[in-house]
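*Asks:* Handing you a structure now.
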Amino acid sequence: AQSVTQLGSHVSVSEGALVLLRCNYSSSVPPYLFWYVQYPNQGLQLLLKYTTGATLVKGINGFEAEFKKSETSFHLTKPSAHMSDAAEYFCAVSERSGGSYIPTFGRGTSLIVHP
Amino acid sequence: NAGVTQTPKFRILKIGQSMTLQCTQDMNHNYMYWYRQDPGMGLKLIYYSVGAGITDKGEVPNGYNVSRSTTEDFPLRLELAAPSQTSVYFCASSYQGNPEAFFGQGTRLTVV
């Protein structure tokens, strides 16, 4: 069984500061890991994903995440926050089971950016 | 360039009424999913389908039904609406062998 824990339902940063959103997962097999972003009244869009290969993955809008198997983590970072980054962020894990991929989502972290 | 399309975007239902949330995708994806999103709870899987004619329950299927007669369409049916079904519903799809899911814009449902 797979699960995702996002630490902190809200993260508040100043514009220009480092963004760090935490995600830990559990999976019985090598997982696929994702970060999605949701802007107000919109659907989810993919920020970045880890499938295989390089453990540091880069996504859109300057975000990146590092897969650390030993820590079962996939934290999302951005060196310098922008006002437009304010949104809800979801970490998700998907493992192959019987030929199917069924994504499981964390509870989400709301990123607040102060001027 | 439509992707995953959900209709309607908003709906208010009275307790006991029924409705169907429509979802269609034009990417020829064989996997489709229905999630509900409640504040602070993330997304919970209601039902999913791995291809036409095949559906299976997710984490929170009670009170819902689905069908998958074509690759493109995956409607979600609420037979007897209850206030607990007030939520935002998202449909998503993905292609076999690729775990990335593509989402629709959501349907905001209120049951009063």
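The values are calculated or read from the model by the stated rules, or taken from the named source; none is laboratory data. This is a predicted model, so every value here is computed, not measured. Note: ideal-geometry Cβ built from the backbone for every residue, glycine included; neighbour counts use all protein chains shown.
*Asks:* Of the numbered conditions (1) farther than 26 Å from residue A:95 by Cα; (2) crowded, with 18+ Cβ neighbours inside 10 Å, residue B:14 fails exactly one; give the number of that condition.
*Replies:* Against the list (1) farther than 26 Å from residue A:95 by Cα; (2) crowded, with 18+ Cβ neighbours inside 10 Å, residue B:14 comes up short only on (2).
*Asks:* Which strands (runs of 3 or more DSSP E) sit wholly inside chain B and have at least 2 residues that are within 11 Å of another protein chain (Cβ to nearest Cβ)?
*Replies:* Working: elements: B:4-7, B:10-13, B:19-25, B:31-38, B:42-51, B:54-57, B:64-66, B:76-78, B:87-94, B:107-111.
Filter on chain B gives B:4-7, B:31-38, B:42-51, B:54-57, B:87-94, B:107-111.
*Asks:* Can you confirm whether the stretch B:18-27 contains a residue that is in contact (Cβ under 8 Å) with a residue 12 or more places away in the chain, β-branched (Val, Ile, Thr), farther than 21 Å from residue A:94 by Cα and surrounded by fewer than 21 Cβ atoms within 10 Å (Cβ to Cβ)? Outline the logic, then answer.
*Replies:* If we filter the stretch B:18-27 for residues that are in contact (Cβ under 8 Å) with a residue 12 or more places away in the chain, which is where we start, we get B:18-27.
Next, from what is left, pick out any that are β-branched (Val, Ile, Thr): B:20, B:24.
From the residues that got through so far, the ones that are farther than 21 Å from residue A:94 by Cα too are B:20, B:24.
Narrowing the set further to residues that are surrounded by fewer than 21 Cβ atoms within 10 Å (Cβ to Cβ) leaves B:20, B:24.
Yes, the stretch B:18-27 contains a residue that is in contact (Cβ under 8 Å) with a residue 12 or more places away in the chain, β-branched (Val, Ile, Thr), farther than 21 Å from residue A:94 by Cα and surrounded by fewer than 21 Cβ atoms within 10 Å (Cβ to Cβ).
*Asks:* Picking from A:39, A:25, A:50, which residue would you name as being buried (at least 18 other Cβ atoms within 10 Å of the Cβ) and in contact (Cβ under 8 Å) with a residue 40 or more places away in the chain?
*Replies:* Details: A:39 fails: buried (at least 18 other Cβ atoms within 10 Å of the Cβ); A:50 fails: in contact (Cβ under 8 Å) with a residue 40 or more places away in the chain.
Every option except A:25 fails the conditions.
*Asks:* From the list A:54, A:17, which residue is at pLDDT below 95, assigned to a loop (DSSP other than H, G, I, E, B) and not charged (D, E, K, R)?
*Replies:* Working: A:17 fails: at pLDDT below 95.
Being at pLDDT below 95, assigned to a loop (DSSP other than H, G, I, E, B) and not charged (D, E, K, R) holds for just one of A:54, A:17, which is A:54.
*Asks:* May I pose another question? Based on what the data block shows, is residue B:64 of a type in the set (Ser, Thr, Tyr), touching a Lys or Arg at 6+ places or on another chain (Cβ under 9 Å) and without any contact (Cβ under 8 Å) to a residue 60 or more places away in the chain? Spell out the reasoning first.
*Replies:* Working: of a type in the set (Ser, Thr, Tyr): yes; touching a Lys or Arg at 6+ places or on another chain (Cβ under 9 Å): yes; without any contact (Cβ under 8 Å) to a residue 60 or more places away in the chain: yes.
The answer is yes for residue B:64.
*Asks:* A follow-up question, please. Report yes if residue B:104 is touching a helix residue (DSSP H, G or I) at 6+ places or on another chain (Cβ under 9 Å) and either farther than 15 Å from residue B:8 by Cα or not basic (Lys, Arg) (or both), otherwise no. So that I can check it myself, show each step before the final result.
*Replies:* Details: touching a helix residue (DSSP H, G or I) at 6+ places or on another chain (Cβ under 9 Å): no; either farther than 15 Å from residue B:8 by Cα or not basic (Lys, Arg) (or both): yes.
So residue B:104 fails the test.
*Asks:* Also: Here is a list: B:100, B:72. Which entry is acidic (Asp, Glu), out of contact with any Gly (no Cβ under 8 Å at 6 or more places or on another chain) and without any contact (Cβ under 8 Å) to a residue 24 or more places away in the chain? If you could, list the steps in order and put the result at the bottom.
*Replies:* Values: B:72 fails: without any contact (Cβ under 8 Å) to a residue 24 or more places away in the chain.
After applying the criteria, what remains is B:100.
One line per residue, one yes/no per condition, for (1) of a type outside the set (S, T, N, Q); (2) surrounded by fewer than 20 Cβ atoms within 10 Å (Cβ to Cβ); (3) within 14 Å of chain B (Cβ to nearest Cβ):
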position	(1), (2), (3)
A:70	no, yes, no
A:80	no, yes, no
A:84	no, yes, no
A:90	yes, no, yes
A:103	yes, no, yes
A:106	yes, no, yes
A:109	no, no, yes
